[in-house]
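Here's the structure, in structure tokens; my notes come after.
FYI, it's all coordinate maths here, none of it is from the lab. What you see is a predicted model; the values in this text were computed from it and never measured. Heads up, the Cβs are rebuilt from the backbone with ideal geometry, glycines too, and the neighbour counts pull from every protein chain shown.
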Amino acid sequence: MKRYLILTWLLALTVASAIAQNKAEKLEEVMMAYHQFNMFDGSVLVAENGKVIYTGAFGMANREWDIPNTTDTKFMIGSVSKPLTAMLMLIQVQKGLVSLDKTISDYLPEFSKKNGSRITIRQLLSHSSGMPNYDIIKDFFPKVSRQYYTREEYIKLYMDSTLVFEPGKSYYYSSWGYYTLGYIMEKVTGKSYAQLMKEDIFDKLQMNSSGSYYHTQIVPKRATGYDYIIGGYTSNDFRDQSNTMGTGDIYSTVEDLFKFHIGISNNALLNQPLTDEMFKPGIRPWRYGFGWFNQQFRYTPKDSVFANYHLGMTEGFLSFFIRIPSTNSLVVFLCNSSPTHFFGITQSLLRVLHNKPVSLKHPAHKAMETVIATKGTAKAVEAYQVYKKDTANYYIDWLAMDQLGNQLFTSQRYNDALLIFENNAREFPQRDLVLISLAKTYEILKRKKEAIDYYKKAIAANPNNEEPKNRLKELERQP
């Protein structure tokens, strides 16, 4: 009987190993396809039932020296830093140093009482504070983001800003809110955010390839960030990391982020009651808890799974981190070529994980890049109609099309960008980001009437988005 049980166990182990191996091969096929589509350069890790079943690396960590990415390459993770910041804050709550229901003013007396006395730590964590985001500043990226600020100087940029809504009444994503959380932790502990993150999370989980980055540092095995341009790549733009503390200044590896996932699952850092609060779905529609979107994630038209996830974008880098608590599974990928179709990649990987068929169609926006480079943008818009009809071989994503237009816009090819944005607005007239991109292009081309019209359409499509409101006010003040 004992021998029979051992043989049964060995057979089950062999079957499980074969299934995992088969999934690993399919996952490799998926990622290789995206790499060949020129949509992924970076590292990826997939885990199931708490065990890694696939890791892979694609493309170049440094194009100047032809150094390839590996699974231990370090990437900037952008807003995937926010789950780490939320965890760090909850650890301070667990220590008794911070209370979730106290206000900013309780910890930062220098913060404007106008807003600081009304906003709680809980509301900052869940993006329900009403605090706006940096995009209300028109020249944030060409000017503000490049400058060094002390903590005191930086909070003065936004602490008196008009709130989007009364705190606790709605949801509005705010990186300034997470910067404020980082500053509060520095004040209550007397340690820098970077040191506290190292001591309370990285050291305890042996995340030895992670850290808080500043641009003067030399970090071994850190990838260079690149942006896709028509026909190639460009090195990422500069941003001073002094204004991304708590929001997007962390670098890491896929292997370290797996350790973070396991640390969460095992309550290695945080007790269960606070973990439950972190993953409690928040205000609709995004159900943001403390540092995570907590809701059903659809990976086929008919299938979804409850997940905790976050995406991140920063200059030249893109990341996606999704946990599936019911099976202790994880998909994480870190990319040093931006932009890419992060939701599409994630959905394809989850289909493999859940034994669903994967059909990888050619991305229309990438085919259009080739047409733009060889025949011009007008011909690419004509080709779009062909790709749209050929649903067996091509797929169209509104965000990827917007990113294509922005590649042209960033290269100051404004008339070409206009052709892409006008087409995208015709195809997706209810997407506020699409309408904003078109309005910005009309604005820079001095077509004020059309710019005003499309800012108004963007506001109608999403009344909670403050960016078009602020741009419209400024534009209407101009003679």
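Taking amide H as placed 1.01 Å from N in the peptide plane, GLY282 has its amide H under 5 Å from the amide H of ARG287, TYR288, GLY289, ASN294, each at least 5 places away in sequence or on another chain. For the peptides 208-214, 160-166, the ranking by packing is 208-214, 160-166, with the highest mean count of neighbouring Cβ atoms within 10 Å listed first. Working note: Debye formula, equal point scatterers on the alpha-carbon atoms of segment 235-378, no solvent; log10 I(q)/I(0) at q = 0.14, 0.19, 0.21 Å⁻¹ is -0.82, -1.30, -1.44. In a simple Cβ point-charge model (Lys, Arg +1; Asp, Glu -1; nothing else charged), the chain has a dipole of about 880 debye relative to its Cα centre. Its Cα centre serving as origin, segment 362-477 has a Cβ charge dipole (Lys and Arg +1, Asp and Glu -1) of approximately 320 debye.
For segment 243-261, the residues whose amide N sits under 20 Å from a probe point set 7 Å from the Cα of GLU110 along the beta carbon direction are 243-247. Can you give me the Cα centroid spacing of segment 28-46 and segment 254-301 in angstrom? When both Cα centres are located, 25 Å separates them. Given +1 at the Cβ of Lys and Arg, -1 at the Cβ of Asp and Glu and no other charges, the dipole of segment 181-302 around its Cα centre is 400 debye to the nearest 20.
At q = 0.07, 0.14 Å⁻¹ the log10 of I(q)/I(0) for the chain amounts to -0.38, -1.56, computed by Debye summation with a single uniform scatterer per C-alpha, solvent ignored.
Against the empirical 2.2 N^0.38 Å (N residues), segment 362-477 has a Cα radius of gyration ratio of 1.07. Remark: SER326, SER126 ranked as SER326, SER126, counting other beta-carbon atoms within 10 Å and listing the fewest first.
For segment 93-152, just say rounded, prolate or oblate: build the C-alpha gyration tensor, square-root its eigenvalues into a ≥ b ≥ c, call rounded for a/c under 1.5, and beyond that prolate if a/b exceeds b/c, oblate if not.
prolate
Taking the DSSP bridge list for the chain and keeping only pairs wholly inside it, about 90 percent are antiparallel.
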